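The structure appears below as structure tokens.
The values are calculated or read from the model by the stated rules, or taken from the named source; none is laboratory data. What you see is a predicted model; the values in this text were computed from it and never measured. Cβ atoms come from the backbone with ideal geometry, glycine included; neighbour counts cover every protein chain shown. With ligands, DNA and RNA removed, areas are computed over all heavy atoms of the protein, side chains included. Shrake-Rupley method; radii C 1.70, N 1.55, O 1.52, S 1.80 Å.
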Amino acid sequence: MAQQRALPQSKETLLQSYNKRLKDDVKSIMDNFTEIIKTAKIEDETQVSRATQGEQDNYEMHVRAANIVRAGESLMKLVSDLKQFLILNDFPSVNEAIDQRNQQLHALQDECDRKLVALRDEASIDLYELEEEFYSSRYR
Amino acid sequence: MSGVRAVRISIESACEKQVQEVGLDGTETYLQPLSMSQNLARLAQRIDFSQGSGSEEEEAAGAEGDAQDWAGAGSSADQDDEEGLVKFQPSLWPWDSVRNNLRSALTEMCVLYDVLSIVRDKKFMTLDPVSQDALPPKQNPQTLQLISKKKSLAGAAQILLKGAERLTKSVTENQENKLQRDFNSELLRLRQHWKLRKVGDKILGDLSYRSAGSLFPHHGTFEVIKNTDIDLDKKIPEDYCPLDVQIPSDLEGSAYIKVSIQKQAPDLGDLGTVNLFKRPLPKSKPGSPHWQTKLEAAQNVLLCKEIFAQLSREAVQIKSQIPHIVVKNQIISQPFPNLQLSISLCHSSNDKKSQKSATEKQSPEDHLYVLEHNLHLLIREFHKQTLSSIMMPHPASAPFGHKRMRLSGPHAFDKNEINSLQSSEGLLEKIIKQAKHIFLRSRTAATIDSLASRIEDPQIQAHWSNINDVYESSVKVLITSQGYEQICKSIQLQLNIGVEQIRVVHRDGRVITLSHQEQELQDFLLSQMSQHQVHAVQQLAKVMGWQVLSFSNHVGLGPVESIGNASAITVASPSGDYAISVRNGPESGSKILVQFPRSQCKDLPKSDVLQDNKWNHLRGPFREVQWNQMEGRNFVYKMELLMSALSPCLL
């Protein structure tokens with residue numbers, strides 16, 4: 001709870017909206033399904049003609065089925081949104097990654113430094129002899 | 001009594017059952033034998049004969065009469081008995097209700113029998129099966145409705161199945177390709193390397209160095225794009241990545257800072273021309289590069305721009321004797337006379353046009369990579385400074401720093417000390433200093449090398465130190481003679497090359513400061529070389545057992561040298577018969593004279609004073625040696641030969 005409260009206002013509202021979306025979508029699936037089942041019941045008395053009624057029921061069912069599918073897709077989107085939100089706002093893990101990278105780079109730097117120093121020493125020893133040889137040769 | 005009744009009931013029921021069934025269903029009669037008796041009675045009761053037509057009533061009455069006849073005398077007797085019983089015990093009789101029911105049943109049976117008999121005769125009444133046409137019109141709309149509902153339910157189910165299939169497909173595909181092509185995992189990897197934030201629907205990233213302390217105003221924002229429009233059925237290219245980045249157009253391509261030092265000032269027409277030669281970039285695949293390389297390139301462009309902006313700002317602000325020139329993408333400065341340092345920002349975008357022009361304008365490779373690298377280091381240091389000065393808590397009323405800076409009174413710093421503490425040296429000044437140093441170093445090396453190649457005797461050896469600073473490096477110069485390195489170690493110089501000048505430290509601790517002019521160094525070295533020869537003779541004399549009669553580094557006599565002074569030495573042979581005098585000047589060269597004993601000089605005029613034989617041991621006059629015609633590969637060797645020739649053979 002303390003962490004939740006520590007979140008800034010916008011994040012809070014965003015999380016709430018995610019919650020609301022989840023509930024809305026699940027509710028929509030449920031409602032549409034019940035409505036389809038209700039529509040499936042055969043009723044004798046209708047005020048409009050049977051053909052119209054049938055057509056309307058048909059259409060309604062299709063729309064409701066499509067609504068269910070849409071809610072499902074929306075849930076998938078919600079899942080991906082949540083993932084994104086987590087990825088973008090998971091600062092502890094980001095800090096961990098940064099620390100890790102820091103260490104890695106430091107190790108790399110140390111290694112490079114060590115190698116460079118060794119190379120320098122080796123080269124300077126060789127250079128001294130080469131210089132000696134060069135300046136006393138005919139090719140100077 | 002009761003036994004008689006029971007018999008009657010069974011008979012009647014069996015008989016009535018059959019009749020009843022026929023009336024209702026037409027076919028099925030014997031399926032429900034016993035319970036139907038009650039049912040039958042009820043049904044019979046429902047038949048209201050009183051409501052029928054008059055003729056029916058009459059018929060019914062007739063039938064009743066028949067029934068009574070059919071029932072016989074027994075039944076009438078029963079009726080009498082029962083009436084009597086009711087009179088005596090109206091409510092207590094246990095079988096009263098049974099009897100009543102039975103009676104009414106009997107009545108109804110009789111009525112039924114009559115009806116059936118009438119129906120059977122088919123005189124007055126016929127029973128036809130009820131026509132079925134009436135029902136279908138009633139059921140038809142319902143079946144229609146059923147069918148239509150079924151259809152629409154099937155349609156809805158189809159839609160649902162399709163949607164479910166799509167969902168499962170996307171889920172499984174995600175799992176299959178998780179390793180390579182999952183947007184979220186890519187995003188996670190991106191998040192670990194770069195700053196990201198969500199603005200509305202977009203994900204924006206930050207590639208500026210602001211968090212590292214940069215004050216460059218460029219916002220450096222890039223956008224993360226979900227690149228999932230690819231057709232999943234087709235073959236997916238190898239380097240496909242579901243995540244792509246959109247970088248600002250002014251940060252595209254590649255950039256670097258080119259630092260070069262040119263000897264002479266270019267003609268003014270050349271000023272500011274953009275020399276965009278392109279360094280051979282690592283060959284990228286024709287497809288879009290990976291986001292990481294893209295972002296790193298963009299960040300590099302941003303950093304280069306920042307460095308250049310900082311440099312040009314300083315170039316304009318700093319007052320120097322020769323003003324720095326900033327033209328387009330080039331900064332020109334003159335560290336030394338006749339020498340110009342040019343720092344230019346080369347930014348090439350990836351389009352073909354600039355590449356083509358870049359290849360045409362390939363200029364000679366005079367790029368100083370060390371300075372470019374140092375510029376990067378400097379700007380990072382600068383970032384760090386701003387970051388630390390901002391971050392650290394410091395008093396609002398006073399600058400943060402050494403405690404003595406805030407003190408007043410006798411312990412306080414004076415202005416110069418404070419100034420020295422606050423090194424407000426800018427990027428440009430630092431890089432110019434470094435460039436000066438680099439130039440001075442390379443010129444020193446060139447001078448030494450040219451001297452070494454020009455003058456074979458004595459030898460110059462230069463040993464460069466491996467420990468350097470960006471503003472200082474050192475070289476050790478040895479002047480020796482070949483073959484005599486061990487005995488001729490007289491001249492060892494340590495040259496400390498700074499920014500503006502060269503400090504020469506002798507082996508004996510003398511320090512000479514030379515300016516950046518190469519001539520000074522050259523002259524100095526020449527004079528040192530000439531001194532070396534004389535020093536060598538001195539060393540040689542010690543080895544050969546000769547005596548040093550006189551030695552002078554700076555001879556006041558003889559022709560005046562334009563560079564330094566001539567030096568001279570005179571040595572005498574161990575026996576004292578011969579003496580060699582050497583005078584060596586940097587310009588005039590060496591002059592060697594040998595003094596013979598008087599006895600060996602035949603052409604000496606006889607003196608009247610020196611008659612005695614002992615005077616023959618006095619030395620005679622000097623004669624110059626034809627040094628060029630002496631054998632030997634160098635000066636010291638020749639000298640050794642000469643000395644050994646003049647020494648008496650000990651054997």
For B:Asp449 and A:Asp110, what is the calculated FRET efficiency with R₀ set at 35 Å and r taken between the beta-carbons, to the nearest 0.05?
-> 0.45
Add +1 for every Lys or Arg and -1 for every Asp or Glu among the other residues with Cβ under 13 Å from the Cβ of B:Arg583, and state the total.
-> -2
Once amide H atoms are placed 1.01 Å from N in the peptide plane, what residues at a sequence separation of 5 or more from B:Gly253, or on another chain, have their amide H within under 5 Å of its amide H?
-> B:Asn350
What is the distance, in nm, between label points placed 7 Å from the Cα along the Cα-to-Cβ direction at A:Ile98 and at B:Asn628?
-> 7.8 nm
Size of the range B:436-479 as Cα extents on the principal axes (Å, biggest first) | 34, 18, 9
Please give the length that would be gained between B:His373 and B:Phe551 if that part of the chain were fully extended, namely 0.36 nm times their separation in residues minus their C-alpha to C-alpha distance (nm, one decimal).
-> 58.8 nm
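What average number of partner chain Cβ atoms lie no more than 10 Å from the Cβ of the residues making up B:453-465?
Average per residue, whole number: 3.
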Directionally averaged projected area (convex hull, Cα atoms, the range B:418-521), nm² = 8.2 nm²
What number, rounded to the nearest 500 deg cm²/dmol, is the helix-based mean residue ellipticity at 222 nm of chain A, given -39500 (n - 2.57) per DSSP H run of at least four residues and division by all its residues?
-> -31500 deg cm²/dmol
Heavy-atom accessible area of A:Leu88, protein chains in place, probe 1.4 angstrom, given in Å² to nearest 10, is 10 Å²
HN-Hα J couplings of the range B:291-298 from phi, Karplus 6.51/-1.76/1.60, θ = phi - 60°, integer Hz, Gly and Pro as x?
-> 4, 5, 5, 4, 5, 5, 4, 5
How many Å³ per residue does the convex hull of the Cα positions in chain A occupy?
-> 249 Å³
What does the average come to when, for each residue of peptide B:189-200, you count the partner chain Cβ atoms lying within 10 Å of its Cβ?
-> 3
How many nm is it between the label spots at A:Glu12 and B:Lys226, if each spot is 7 Å from the Cα in line with the beta carbon?
-> 2.8 nm
If we sort A:105-111, B:108-114, A:50-56 on the protection proxy, mean other Cβ atoms within 10 Å, highest first, what's the order?
-> B:108-114, A:50-56, A:105-111
Residues other than A:His106 with Cβ under 14 Å of its Cβ, Lys/Arg counted +1 and Asp/Glu -1, net out at -2
Enter the Cα centre distance for the pair the range A:58-76 and the range B:561-584, rounded to the nearest angstrom.
-> 114 Å
Would you kindly derive the ³J(HN,Hα) couplings of the range A:48-61 from the backbone phi angles with the Karplus curve 6.51 cos²θ - 1.76 cosθ + 1.60 (θ = phi - 60°), listing them in order in whole Hz, with x for Gly and Pro?
-> 9, 5, 5, 4, 4, 4, x, 4, 4, 4, 4, 4, 4, 5
With θ set to phi - 60° and the Karplus curve 6.51 cos²θ - 1.76 cosθ + 1.60, what are the ³J(HN,Hα) couplings of the range B:620-631 in order, to the nearest whole Hz, using x for Gly and Pro?
-> x, x, 7, 10, 7, 8, 6, 4, 5, 9, 5, 7
Potential extension, B:Glu456-B:Val98 segment - 0.36 nm per residue separation minus Cα distance = 113.0 nm
How do B:Trp615, B:Trp95 rank by accessible surface area computed with a 1.4 Å probe, from largest to smallest?
-> B:Trp95, B:Trp615
From largest accessible area down, sort B:Lys384, B:Lys198; use a 1.4 Å probe on the protein chains.
-> B:Lys384, B:Lys198
Which of the peptides B:516-525, B:465-474, B:317-326 is most tightly packed, and how do the rest follow, going by the mean number of other Cβ atoms within 10 Å of each residue?
-> B:516-525, B:465-474, B:317-326
Take peptide B:163-170, look around each residue's Cβ out to 10 angstrom, count Cβ atoms belonging to other protein chains, and average those counts.
-> 3
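Take A:Thr39, B:Thr172 and sort them by solvent-accessible surface of the protein heavy atoms, 1.4 Å probe, largest at the top.
From most accessible down to least: B:Thr172, A:Thr39.
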